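Read-outs: derived from the displayed coordinates by stated rules, not from any lab. Just so it is clear, the model here is predicted, and its values are computed rather than measured. Note: ideal-geometry Cβ built from the backbone for every residue, glycine included; neighbour counts use all protein chains shown.
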Amino acid sequence: MNIGKTIADLRVGRCMSQAELAELLFVSRDLVSKWETGARRPDYPTIEKLAAVLGVLPDDIADKNDVIFGELSECVPDGAEISEKDLKTVTENFLQSLGAREAGIFLKRYYFLKNHDEISIEYGIKSNHVRSILSKTRKKFKKYVKEAAK
């Protein structure tokens, strides 16, 4: 499913401009444009807000698992040839190399499929901090996978 095209089609179907949608979501028109062109992907809480504004179910825009696993798929470098068994081992070794909080947050997101807000409550930190930790951890994981695939 192309999330950007779906957002654009739903928005246009409601005779709404990007600026109007942005205003209702308290984001910039530029961000709405990036979602629609695929330059950026909204996270699942944002998809839930989009769905409410557009009068549809979140799953009409994107499946929650697709969004979460889309984040994780960015961690496997293009052209990396690694078997599923080896990827499992690499992932386990990577998680052991992390600190307890970082590994816990990574697992909560990508194994237990929790959203940023749920994780932030569990760890007593802000949702934006969770996003930052996950972004940095995904970059480390991508580097770790790339090294293992050599």
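Quick notes on this structure:
- Only helices enter this figure: runs of n ≥ 4 DSSP H residues, each worth -39500 (n - 2.57), summed and divided by the residues of the chain, yield -22000 deg cm²/dmol at 222 nm to the nearest 500.
- Proxy reagent accessibility, fewest Cβ within 10 Å first, across HIS129, HIS116: HIS129, HIS116
- With Cα atoms defining each centre, region 61-97 and region 113-146 are spaced 14 Å apart in the structure.
- Each Cα pair under 8 Å and six or more residues apart adds its sequence gap; the mean of these over the residue count of region 69-149 is a relative contact order of 47 percent.
- Potential lengthening between LYS88 and LEU72 on full extension [0.36 nm per residue; Cα-Cα distance subtracted]: 4.4 nm
- Size of electric dipole in the chain: Cβ of Lys, Arg +1 and of Asp, Glu -1, about Cα centre, debye, nearest 20: 560 debye
- Spin-label model, ILE125/VAL53: points 7 Å from Cα along the beta carbon direction are separated by 2.8 nm.
- Globularity index of the chain, i.e. its alpha-carbon radius of gyration over 2.2 N^0.38 Å: 1.17
- Gyration tensor (alpha-carbon) shape descriptor, region 3-62, a/c threshold 1.5: rounded
- Our estimate of slack between ALA80 and ALA103, defined as 0.36 nm per intervening residue step minus the Cα-Cα distance, is 6.0 nm.
- Cross-link table LYS114/LYS142; LYS5/LYS49; LYS126/LYS150; LYS5/LYS140; LYS5/LYS150; LYS34/LYS64, entries beyond 27 Å C-alpha to C-alpha: LYS126/LYS150; LYS5/LYS140; LYS5/LYS150
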